[in-house]
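Quick note: the coordinates plus some simple rules give every number you see, no bench work behind them. Predicted, not measured: the structure shown is a model, and the values here were computed from it. Here the Cβ positions follow ideal geometry from the backbone for every residue, glycine too, while neighbour counts run over all protein chains shown.
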Amino acid sequence: MSGMYDLAIAGAGLSALSAIAAGLGRRRTIMFDYQDEPGGFLKHALPAPGFETAWELIRSTRIPQGLTACYGATVVGLLPAFEGGEPHTLVVRQKQGTSQVQAKRVLIACGGLEIPREHAQIPGSRPAGVMTPIMAHQLLAQGYLPGKRAIVYGDAHYSRVTAQRLADAGVAVSLISASEAQLVAIEGSPRLQRVTFRRAGETSSMEADLLVYSVGMMANTHWLKGSGISTAEDGAVQVDAGYETNVPGIYAVGTVIAPSLDHVDSLAMGKEVASLLGGTP
């Protein structure tokens, strides 16, 4: 990772892969991702109906020779250049330690984080068996059954895919719409036993040993604190029409600027930013 790079990409999810497939990163580029392979968190749910394009992108994208891909590497800090023409610096943490990488331009494509139950401050105990979709998919991928009777709570297509994947594994699943029912209480210790919802002013409870909380996503921008990069109230990075942040030479794309469990605009954004930063128009 020594030397100066033309471009450093933080994240190897769908928006980054879309940009690479469109020609970005063919010259002196380095890319980091905390996972052991590219694709982002959505890849754990794939293949699945409705996400065919995303799955094909993950399967078909090849890393070009001019791009150095570093997996198991988490970008934990960004130090923008003080003067025009100076490089930006990324602070990267790996198993062997923390290092700094300099690049003329930076593309923030680190995606988002699934909103957990704690974010909504839902009353009740803190039992085992309450998780976000990515945990459920990772457990299934490793051959573990996360529960026997599950409630998947959410409205995204990703929520429906998660419910179907659990059902295919032999779990009894109830899919509850977050727009129609409010989750008001969680009970059980040490394992989840009961979940209570409110619909049209009336409450009702359901027995379950697994609750998959799938209500939304928040931008993964906690590591940008102190960098000077402007973010909105919800934490999403703010960019102009060319995906550039308030700091010249630093760009952002994907769910880090438009959080979505379904990655609604990630593929299109990747293609657009590739064209703007020197990929294929």
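Loop by DSSP (not H, G, I, E, B), at most 14 other beta-carbon atoms within 10 Å: where is the longest site-free stretch of the chain for GluC sites (Glu not before Pro)? Please report the intermediate quantities before stating the final value.
Working: sites that count: E83, E180, E233.
With a cap of 14 other Cβ atoms within 10 Å, the longest stretch comes to 84-179.
So what's the back-of-envelope 222 nm ellipticity for the chain, counting only DSSP H runs of four-plus at -39500 (n - 2.57) apiece and dividing by all residues, rounded to 500?
Values: 5 runs with 49 residues, N = 281.
Rounded to the nearest 500, it is -5000 deg cm²/dmol.
Which percent of Cα pairs goes in each bin when the distances of the stretch 1-135 are cut into 10 angstrom slices starting at zero?
Per 10 Å bin, starting at 0, the Cα pair percentages come out as 11, 36, 29, 17, 6, 0.
Got a sec? How would L17, L276 order by Cβ neighbour count within 10 Å, fewest to most? Before the final figure, lay out each step's value.
Values: L17 28, L276 17.
Exposure proxy ranking, most exposed first: L276, L17.
Given 0.36 nm per residue, what is the gain on full extension from S60 to A167 after removing their alpha carbon distance, in nm? Walk me through the numbers before you get to the answer.
Details: separation 107, 0.36 × 107 = 38.52 nm, distance 2.85 nm.
Contour length minus the Cα-Cα distance gives 35.7 nm.
Of the peptides 208-219, 97-108, how do they stack up when ordered by the mean number of other Cβ atoms within 10 Å, highest first?
Values: 208-219: 23.6, 97-108: 19.2.
The densest-packed peptide leads the list: 208-219, 97-108.
Please give the charge dipole size of the stretch 116-213, origin at the Cα centre, charges +1 on K and R Cβ atoms and -1 on D and E Cβ atoms. Round to the nearest 20 debye. Walk me through the numbers on the way to the answer.
Values: 10 positive and 8 negative charges, 26 e Å.
Roughly 120 debye, rounded to the nearest 20.
Roughly speaking, what % of Cα-Cα pairs in the stretch 214-278 are separated by over 19 Å, rounded to a whole number? Write out the running numbers ahead of the final one.
Details: 628 of 2080 pairs.
Distances greater than 19 Å cover 30 percent of the Cα pairs.
What Rg and what Dmax come out for the stretch 116-213 when only alpha-carbon atoms are used, in angstroms?
12.5, 41
List the extent of the Cα atoms of the chain along each of their three principal axes, largest first, rounded to whole Å.
61, 38, 36
Which of these, P127, P87, P38, has the largest mean-square fluctuation under a Gaussian network model of the chain (Cα springs below 10 Å)?
P127
Expected output is a single nm value to one decimal: the length gained when fully extending between Y144 and A268, i.e. 0.36 nm times separation in residues minus the C-alpha distance. What is it? Walk me through the intermediate numbers first.
Values: separation 124, 0.36 × 124 = 44.64 nm, distance 3.47 nm.
Length gained, Y144 through A268: 41.2 nm.
So, in nm, how far is label H222 from label E118 when the simple model puts each one 7 Å beyond its Cα toward the Cβ?
0.8 nm
Dipole size in debye (nearest 20) for the chain around its Cα centre, Lys and Arg Cβ +1, Asp and Glu Cβ -1? Write down the numbers at each step before the final one.
On the way: 22 positive and 24 negative charges, 133 e Å.
Here the size comes out at about 640 debye.
What is the extension gain from E37 to A181, computed as 0.36 nm multiplied by their sequence separation minus the C-alpha to C-alpha distance, in nm to one decimal?
On the way: separation 144, 0.36 × 144 = 51.84 nm, distance 3.67 nm.
Going from the current span to full extension adds 48.2 nm.
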